[in-house]
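**Q** Once you've had a glance at the structure underneath, I'll fire off some questions.
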Amino acid sequence: MEVEVSDLYEKLKDDLYRFARSIARHEQEANDLVQDAMIKSLSEPELRSLPEYKQRAWFFRVMKNRLIDDRRKEHRLTQWEDDFDFPVQQAGVSRLEMTELLRHLPPDLSDLIFKRYWIGLSSQEIGDQLSIPASTVRYKLHLAIKKLRKMVEEEK
């Protein structure tokens, strides 16, 4: 069976990579699409009995659907993060005052705030840097913002 899967891969790989590169943003995303489609093909034993043109179409559809799912997920996360933003100007605090407030937060939380709002990294990018899930980054940002708002309110 593994020989059949490897034969299928060897037969279609040029077309699969060409298609993946045409729909992906970059080479790594294209490689991920092909890899995911190949993994999914392992659970589809009848795929190997189809004619080559139908096999190719199946892979193209799987890669396209995966890309659509990824983009929708990315869009939802970006929308959620935009709703979650804590612009310094709306807090009624200058950047200098905000820098001072950040000193009162634990170093890991002030680092997250700095990366998100000064550098402009997304929670996914921060999570990748710190080797933690993006959801953990968002949760910690939520805690940090809650503490900052409380400090701002206490100073008024």
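**Q** Any idea what the dipole of the range 2-74 comes to, in debye rounded to 20, about its Cα centre with Lys/Arg Cβ at +1 and Asp/Glu Cβ at -1?
**A** Dipole about the Cα centre, nearest 20: 420 debye.
**Q** Using alpha carbons only, how many angstrom separate the centre of the range 97-135 from the centre of the range 1-64?
**A** 39
**Q** If the reach is capped at under 27 angstrom between alpha carbons, list the lysines near LYS40, excluding any in the same chain fewer than eight residues apart.
**A** Straight-distance partners of LYS40: LYS11, LYS13, LYS54, LYS64, LYS73.
**Q** Starting from the Cα of LYS140, draw a straight line to each of the lysines and keep only those under 17 Å, dropping any in the same chain fewer than 8 residues away.
**A** Qualifying lysines at Cα under 17 Å: LYS115, LYS150.
Since every read-out is calculated from the coordinates, none of them should be taken as a lab result. Note that the coordinates shown come from a computational prediction; the quantities given were computed from them, not determined experimentally. Don't worry about glycine lacking a Cβ; one is built from the backbone with ideal geometry, like all the others, and counts go over all protein chains shown.
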